[in-house]
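Chemist: What follows is a single structure, and I will ask about it in a moment.
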Amino acid sequence: ARSTAGSAPQACVDKPVGWADQFGNTCANYQQEQYCTAEGGFGDGWKEALWGPFSNYATGGRSAKEACCVCGGGRRGDAAPCSELSCPLGYSAKTGELFCVSLECDEDVDVETCCEGSPLVQAAVDEVKALIETLKQEVQHNISGAGAAHRQSAAAAASSASAAAAAKFRADADARRVEAIRVAEERFANLTEHSEKLADAAGYQIRVSGYLAARHAVESGDARVNKNLLQAEASKFADAFAVAREAWGTAALASHGVVNMSEAAWETYHADLNKTWPLLVRSIHAINGALDAADEPAKETRWTRQKTRLAGDLAQIAKMSALSVSAQVSSIEDRAANALAATEANKGKVQALKEMVDRVLGEGS
């Protein structure tokens, strides 16, 4: 480091040397992560809103702002002159006004700046440096090869250990699972040993709780029965019941009328049958007489045929009357069956309405 215009250059040393904050960050870390500026301000990498000021992480009473040269701190001053450095054996001091890089000269750092060796020494030094570089490359190659072999061996060992560990884990897990199931089954059996008694106790507790809640509601006035509303609803059911009962009475009267009509039609049928039956008998007798008198004169035969024809006509008329009466009776019976079915249906509805009214009146009372 040569001075300009004969003056010593400025140098800086971290104070204390090797300083680090509470989290182990050194001055070099602050420079690398751009935590600070050379003027002591916050760098682009410092999250002031989240981390706060540098003083939050100070150690030994010094933060990076006071301890680190890169953050505007440290110990500053003129660089030491090379005259303060003793050159090693085989080297001689360089001529001219030269300075070390720091406040104190260091042989390991400043020897090339302040000292020069003889040509033989310099050649030896260069040879040593070349040999060191060659050896360094060989060592790196050997280390790389050994590392690859070691990695393969380590990978094989790790794979084998992993498989063994996995098998052991599965075995342990199966055993633990079986044991856990057994313990759970025993616990469940113990808990459910008196399940019926527990269910009875729970039911009793629920009933008592409901009774207490209902009593509290009644005593506090929260539960009130709207008697007017219940009476109105009961009146509606009573009116509906009265209408249904009247309709049922009407249907019953109609059913009785149908039954009476059926009985009258049946009696008429029997009366008509009683009237026609003698005619049929007489007709049969007349036919028999006509057959017996077949050898009488033609006049008697003609009259007998006319009587026979008349008897056949009367029989046909009687048959038609009987069929008509039978059809009327069937129709009357169908209507009577329909009326009885309607009566039974109305009777069921009336009975349901009556039960509903009785239940409402019973709850209202």
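Chemist: Please verify whether Val183 is under 60 Å from the mean Cα position of the chain (by Cα) and open to solvent by 60 Å² or more (accessible area, probe 1.4 Å), treating the condition exactly as stated. Working first, answer last.
Modeler: Values: under 60 Å from the mean Cα position of the chain (by Cα): yes; open to solvent by 60 Å² or more (accessible area, probe 1.4 Å): yes.
Answer is yes for this residue.
Chemist: Can you confirm whether the stretch 105-125 contains a residue that is touching a residue at least 60 places away in the same chain (Cβ under 8 Å) and either basic (Lys, Arg) or within 30 Å of Ala79 (Cα to Cα) (or both)?
Modeler: yes
Chemist: Same structure again: Hey, among the residues in the stretch 111-123 that are open to solvent by less than 60 Å² (accessible area, probe 1.4 Å) and assigned to a strand (DSSP E or B), which one's nearest to Val13 (Cα to Cα)?
Modeler: Cys115
Chemist: Could you please find all residues in the stretch 70-92 being touching a strand residue (DSSP E or B) at 6+ places or on another chain (Cβ under 6 Å) and in contact (Cβ under 8 Å) with a residue 40 or more places away in the chain?
Modeler: Cys71, Gly74, Arg75, Arg76, Ala79, Pro81
Chemist: Does Leu85 fit the bill of being hydrophobic (A, V, I, L, M, F, W, C), over 60 Å from the mean Cα position of the chain (by Cα) and farther than 19 Å from Ala8 by Cα?
Modeler: No.
The values are calculated or read from the model by the stated rules, or taken from the named source; none is laboratory data. All of these numbers come straight from a predicted model, not from anything done at the bench. Ideal geometry is used to build each Cβ from the backbone, glycine not excepted, and the neighbour counts take in all protein chains shown. Protein only, heavy atoms only, side chains kept; ligands, DNA and RNA dropped before computing areas. Shrake-Rupley method; radii C 1.70, N 1.55, O 1.52, S 1.80 Å.
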